[in-house]
Amino acid sequence: MTRIGFLGVGHLAQEIIDGLLRSGQPASELILSSRGYGPKLAARHGIDLATDNLQLVAAADIVLLATRPRDAVAAVAGLGWRSGQILISACAGVQLKELRAAAAPAEVVRIMPLTASSLGASPTTLYPDLPELRPLLGRLGSVIPLSHEAEFETATVSAAIYGWAQMLIGLGSDWSVAHGMQPDAARRLAAETFVAAGRMIAERPETGEALLQSLVTPGGITECGLKVLAAEGVEAGWNRACDAVLAKLTDGAPVDRGA
Ligand SMILES: NC(=O)c1ccc[n+]([C@@H]2O[C@H](COP(=O)([O-])OP(=O)(O)OC[C@H]3O[C@@H](n4cnc5c(N)ncnc54)[C@H](OP(=O)(O)O)[C@@H]3O)[C@@H](O)[C@H]2O)c1
C-alpha cells in the first residue's frame, strides 16, 4: 500500500482529500498533519492523524505539501526524509531547489492543482514529470506535465485565471439577474457557458482562433461585444494582470529553464 501524507491541511488540501475519497481512494491510505482542518477531516472520514510532522513523514511514501508558500521550506526541513519518498509541493512560487535542499534525499515535484480537484475536474500541472504519480493525480482531473520549471511558473498563472474566470461568471450572472433573469437560471447559464467554451477549445481539433472566428458573424452579437471589449482595453489589462502574477510568483528570482 502506498501511503499519502498531507502536510498542511487547509483550503486546498481539503479539496484534494475530498477528490481522492470521491474517486475511491481508501481513507486508510491517507494520513494528515494535525493542524488546520486535519483533526476535523480525520474525524469525518476516518483518516489517520499524525501526532506531528516527523511521524507523518515516517508513515508516508508520498507527502503532499500544501502550507502557505512562506511556510513551505521550514515545514519540510528536518523531518527525516528517506530515499524513495516523493514530496509533492502544491505551494505557488516555491522553487524545487529550496524544497530539494530541505527534504533531501526525497524526490521533489511541483504540482498546481485547482480546487476543482474535489470534483475530479482539476487540470493539474506537474513538473518534473514522474509517471508513477499520474494515476494519483489523475484522480483529481487531467494531468498536464511540463518540461521545465520556468514553464511551470508561467502555467501557475492559470491558477489565478481560474479565479478570474469565476469573477467573470459572476459578472455575467449578476448582469443577467439585473436584466430580469432568475438567479438560479442566470448562475447556471453563466457557469455552463464557460464550461462549454472551455470544452470546445479543449476537445475540438480546430485552433482557438478558428473556433472564435466561426462565432464572429460580421455584424453579429459576438462581434458587437468584442468591439466594445477591445475599445475598453480588456486584452491589455488581461495581459498586465498575468504579468503581475508571474512577477509575484518568481519574485525576480532566476528560474531553471531546463537544459
Ligand atoms: N487555495 C487554493 O485554491 C490553491 C490552489 C493551488 C495551490 N495552492 C497552494 O496551496 C497552498 C495552501 O493554500 P491554502 O489556500 O490551502 O492555505 P491555507 O488554507 O492557509 O492552509 C495552509 C495550512 O497549512 C498549515 N500549516 C502551516 N505550517 C504548517 C506546518 N509546519 N505543519 C503542518 N501544517 C502547517 C496551516 O495550519 P494553521 O492553520 O495551523 O496555520 C494551514 O492549515 C499554498 O502554498 C498555495 O500556493 C492553493
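Of note:
- Of all the criteria given as (1) assigned to a helix (DSSP H, G or I); (2) assigned by TED's automatic domain parsing to the domain that holds ALA244, the one not satisfied by MET181 is (1).
- Put simply, of VAL195, VAL228 the only residue that is over 27 Å from the mean Cα position of the chain (by Cα) and not acidic (Asp, Glu) is VAL228.
- Per-region count, segment 83-118, residues within 25 Å of VAL157 (Cβ to Cβ), small (Gly, Ala, Ser) and out of contact with any strand residue (DSSP E or B) (no Cβ under 9 Å at 6 or more places or on another chain): 3
- Every residue from segment 56-76 that is free of Cβ contacts under 8 Å to residues at least 24 places away in the same chain and within 16 Å of THR2 (Cα to Cα): ALA58
- Within segment 141-195, restricting attention to residues that are more than 16 Å from the ligand (Cβ to nearest atom) and within 23 Å of LEU96 (Cβ to Cβ), the residue that is surrounded by the fewest Cβ atoms within 10 Å (Cβ to Cβ) is SER147.
- Residue match in segment 18-32 (condition: of a type in the set (A, V, I, L, M, F, W, C) and within 23 Å of GLU149 (Cβ to Cβ)): no
- Of residues in segment 93-125 being under 14 Å from the mean Cα position of the chain (by Cα) and in a helix (DSSP H, G or I), the one nearest to the ligand (Cβ to nearest atom): THR115
The values are calculated or read from the model by the stated rules, or taken from the named source; none is laboratory data. The model shown is predicted, which means the values in this text are computed figures rather than measured ones. No Cβ is skipped: glycine too gets one built from the backbone with ideal geometry, and neighbour counts run over all protein chains shown.
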